[in-house]
Amino acid sequence: MNDHTPPQSKEAEQVVIAAALRSAEYRVEILSEVRKTDFYFDAHQKFFDAMQTLDAKGQPCDPAAVFNLLVERKQSDDIGAKYIGQVWTDWAGHRESIAEWRHYAGIMREKAKARRVIHVCNEAIRDAYSPVGPMDELVGEVERKLFDIGAGTGAAADEPVSLD
């Protein structure tokens with residue numbers, strides 16, 4: 001177990017969510033450019049997933065609609081209406097930050113990439129202590145996973161990771 005806080009930026013995640021909520025134009029771009037796994041916080045992942053679902057169905061994507069879907073999914077207690085309202089209101093007067101959502105999404109992607117690298121390295125350390133096959137195979141697998149992360153491809157780029 002590691003005592004370090006995984007790389008993340010709550011503020012960046014909130015800006016991206018607020019931008020998607022406050023602007024239909026930004027929402028279309030955000031939903032096509034940002035991945036759920038770019039978010040570190042579970043509440044933000046669930047919120048983003050709900051926005052994706054509503055958007056795919058052509059339904060409104062405002063705080064009330066998102067919260068109602070989370071209630072249907074029995075995930076509302078994980079996030080809370082108060083928190084959704086807080087994100088909505090906290091970023092209301094920050095149009096310049098919301099307009100810079102791409103910058104914040106880039107921060108999120110970098111943090112997510114760092115978490116994936118940490119995860120692969122932790123797996124490599126664990127597997128090196130108790131190898132189940134030739135070490136060359138382990139090294140090749142680690143190289144492939146790290147390459148996939150760098151290239152933004154493969155399972156390593158899309159899976160949420162636990163850093164335990």
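Tabulated data
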{"quantity": "Tilt relative to the chain, helix 81-90 - C-alpha long axis, 0 to 90 degrees, to 10", "calculated": "80"}
{"quantity": "Relative packing of 47-53, 84-90, which averages over residues the other C-beta atoms within 10 Å, highest first", "calculated": "47-53, 84-90"}
{"quantity": "Centroid-to-centroid separation of the range 1-58 and the range 110-133 [C-alpha atoms, Å]", "calculated": "25"}
{"quantity": "Most fluctuating residue given options Ala128, Ala43, Ala105, as computed from a GNM of the chain linking Cα atoms under 10 Å", "calculated": "Ala128"}
{"quantity": "Among (i) 0.93; (ii) 0.97; (iii) 1.05, the entry that matches Rg/Rh (Cα atoms, Kirkwood Rh) as calculated here", "calculated": "(iii)"}
{"quantity": "Counted charge near Ser97, where neighbours are those whose Cβ lies closer than 14 Å (Asp, Glu -1; Lys, Arg +1)", "calculated": "-1"}
{"quantity": "The chain: relative contact order as a whole-number percent, Cα under 8 Å and 6+ apart", "calculated": "31"}
{"quantity": "Estimated 222 nm signal from helices in the chain, with DSSP H stretches of n ≥ 4 weighted -39500 (n - 2.57), rounded to 500", "calculated": "-22000 deg cm²/dmol"}
{"quantity": "Set of lysines with alpha-carbon distance to Lys10 below 26 Å, sequence-local pairs under 8 removed", "calculated": "Lys36, Lys46, Lys74, Lys82, Lys111, Lys113"}
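All of the numbers you see were taken from the coordinates with simple rules; none came from a lab. Small disclaimer: the values here were computed from a predicted structure and weren't measured. Heads up, the Cβs are rebuilt from the backbone with ideal geometry, glycines too, and the neighbour counts pull from every protein chain shown.
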